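The values are calculated or read from the model by the stated rules, or taken from the named source; none is laboratory data. What you see is a predicted model; the values in this text were computed from it and never measured. So basically every Cβ, Gly included, is an ideal-geometry build from the backbone, and we count neighbours across all protein chains shown. Just so you know, the surface numbers come from the protein's heavy atoms only, side chains and all, with ligands and any DNA or RNA stripped out. Shrake-Rupley method; radii C 1.70, N 1.55, O 1.52, S 1.80 Å.
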Amino acid sequence: MHAPVLVLRDSLKRESGRKVHHANIQAAKAVADIIRTTLGPRSMLKMLLDASGGIVVTNDGNAILRELDLAHPAAKSMIELSRTQDEEVGDGTTSVIVLGGEMLHVAEAFIEKNYHPTVICRAYSKALEDAIAVIDKIAMSIDVNDRPTMLGLVKSCIGTKFTSQFGDLIADLAIDATSIVGVDLGQGMREVDIKKYIKVEKVPGGQLEDSKVLKGVMFNKDVVAPGKMKRKIVNPRIILLDCPVEYKKGENQTNAELVREEDWEVLLKMEEEYIENMCAQILKLKPDLVITEKGLSDLACHYLSKAGVSAIRRLRKTDNNRIAKACGATIVNRPDELQESDVGTGAGLFEVKKIGDEFFAFIVDCKDPKACTVLLRGASKDLLNEVERNLQDAMSVARNILKNPKLLPGGGATELTVSAALKQKSSSIEGIEKWPYEAAAIAFEAIPRTLAQNCGVNVIRTMTALQGKHANGENAWIGIDGNTGEITDMKERKIWDAYNVKAQTFKTAIESACMLLRIDDIVSGIKKKQAPGAQGPSKPKIETEADADSEQILPD
């Protein structure tokens, strides 16, 4: 008796699952369409209004998506992709969204035909494995000490950015900065921590060409007593503290009851002696510059300036760490534990300069700095912000190459090679997975197609010509020049991509597409506001097909 009901319920469930998939795919495509035009060197810029009413002008995929506030959960999930990509490898944030969106787009046809999402995901995973195998085969190793090659590589990776007109400059800054902070861990491993040890200081004014990498650090501070303390010291001995150089107050609220007047003087004397003793311990090591993260009292300032020592107080912890790395000092917690080995002697010059309206302290000309500051100059704040974003990407690319010195062709050539190889392999795959596998192969063409669109050339002709060149899998380095739209050899034009970036792009895009395809219901845990006068709390409702037609299906 119940058979027809069961069949009906099953088909209803399938129908609702299909609607959810459809809504998710549409959301993912919408996100991809927003930033599709920012891929490639001839890409368009986006002007964003942020929450506080300020404007951001950029064509960096991650920066654009960071500012978006989308309601659909699948769209949010797509935005997370670009953040993942940015944190992992720092580049390819636009490619990963375009590729992820395309993977979902080609899956839509199979969902319509009632293919089970698991089948599609299995095919995609197989395609990902084969794609990684293909790029392993065509990757080319390079020597990280060959500066012209490294420059060419970083330039081609940031050629798609707004600052590509100053390509050499940004690439130079990025390579200088990353090679300074690189630390050999042995066994051929290198650690390059660009977040911790490279600080970008943006100072409006001057020209972009005045930007430089300092062999040391700079920070926005002046000496404590400008009239009495030296603002320029050659070969300074530097002591770094993270404790206050002032009288220690009681741990909690303290009351002292004094009977005689002289006791007050004794109390004050004790304070003075404490500070004098502290300064004596510091001065024992004959420093020229004392820097502390905490306060420094007037009295301590007096003792230090009398001894001809310059002092800087209330420095950020991160800046202090960078100074320690640059000049070889050790940050000390208690002045009475200071030793000769804690004193930093690696710096060549300490100087305080006025740039614009503010004073900046420079500790530069260091012998073997393991931290540095990039000083950026430029006409306006907006320009500086965009240059900084591009510089971050360039430094990430340089870091990736130092970690894994392998190259792949840019300009969509890698994707076309992968696509051609997967198409060939799809004929040998048996069973139902063959078709989604072939669709994944076609989806890889989204990158060169988008590049062609953004160049303004005839997309169909260009894509047909490119597919013809890649059909036999011989011309792996033939791609599209993003500036002119010509079909050329990427080796000659020096249009390259880092292996790490490409591999991460493929993995992130395909794995996220699989995750979104596996979702068959969106269950809302948010309580809907009840209309006044409604009777009691209503039953929990399950929202399916993302409320596409606002029809709500109650659980049985």
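Quick notes on this one:
- Placing unit charges on the Cβ atoms of the charged side chains and taking the dipole of the chain about its Cα centre, the candidate lying farthest along the positive direction among P448, S512, V119 is P448.
- Dipole size of the chain about its Cα centre, with +1 on Lys/Arg Cβ and -1 on Asp/Glu Cβ: approximately 660 debye, rounded to the nearest 20.
- Once the 1.4 Å probe is applied to the protein heavy atoms, region 413-491 comes out at 42 Å² accessible per residue.
- Over all orientations, the chain has a Cα convex hull whose mean projected area works out to 39.0 square nanometres.
- Scanning residues 5 or more positions from R237 or on other chains, those with amide H under 5 Å from its amide H are D288, L289, with H placed 1.01 Å from N in the peptide plane.
- Positive-end residue of A326, L285, L304, charge dipole of region 280-344 with Cβ unit charges: A326
- For region 169-317, the Stokes-Einstein estimate of translational diffusion at 4 °C and a viscosity of 1.567 mPa s comes to 68 µm²/s, using the Kirkwood hydrodynamic radius over alpha-carbon pairs.
- When each of K202/K286; K199/K507; K29/K137; K195/K230; K155/K406; K248/K286 is checked by Cα-Cα distance, pairs over 26 Å: K202/K286; K199/K507; K29/K137; K195/K230
- Computed from backbone phi with θ = phi - 60° and the Karplus coefficients 6.51, -1.76 and 1.60, the 3J(HN,Hα) list for region 344-358 is x, 10, x, 7, x, 7, 10, 8, 10, 10, 9, 10, x, 9, 10 Hz; x is used for glycine and proline.
- Between helix 459-470 and the chain there is an angle of about 90 degrees, using the helix long axis and the longest principal axis of the Cα atoms.
- Angle between the chain longest axis and helix 413-426 axis [Cα atoms, degrees, rounded to 10]: 40
- Cα lying deepest toward the dipole's positive end in the chain, options P436, A23, N404, charges on Cβ: P436
- Interchain or long-range residues, amide H under 5 Å from A371's placed H: A326
- Hz values of 3J(HN,Hα) by residue in region 488-503 - Karplus curve (6.51, -1.76, 1.60), Gly and Pro given as x: 9, 7, 5, 5, 5, 7, 6, 9, 10, 10, 7, 4, 3, 5, 5, 4
- Calculated P(r) of region 14-90 - Cα pairs past 14 Å, %: 66
- Computed from label points 7 Å out along Cα-Cβ, the spacing between K494 and D298 is 6.0 nm.
- Distances between placed amide hydrogens fall under 5 Å for A311 paired with V224, A225, V290, all partners being 5 or more residues away or on another chain.
- Computed over region 335-453, the percent of Cα pairs more than 20 Å apart is 72.
- Two-decimal Rg/Rh across region 69-133, once Rg and the Kirkwood Rh are taken from alpha-carbon atoms: 1.02
- Semi-axis lengths, Å, region 404-494, gyration tensor of Cα atoms, sqrt of 5 times eigenvalues: 24, 15, 11
- The distance separating the Cα centre of region 127-153 from that of region 345-417 comes to 23 Å.
- Cα gyration tensor category, rounded, prolate or oblate, for region 289-374 with a/c compared to 1.5: oblate
- For the chain, Cys with no neighbouring Cys Cβ under 4.7 Å: C157, C243, C279, C301, C327, C366, C372, C455
- Heavy-atom accessible area ranking, 1.4 Å probe, most first, across R122, R316: R316, R122
- Taking only the C-alpha atoms of region 259-338, Rg followed by Dmax gives 14.9, 53 Å.
- Between helix 147-157 and the chain: long-axis angle, C-alpha atoms, 0 to 90°, nearest 10: 60
- In sequence order, region 332-338 has phi-based couplings of 10, 8, 10, x, 6, 9, 5 Hz under the Karplus curve 6.51 cos²θ - 1.76 cosθ + 1.60, θ = phi - 60°, and Gly or Pro positions carry x.
- Share of carbon and sulfur in the accessible heavy-atom surface of the chain [1.4 Å probe, %]: 51
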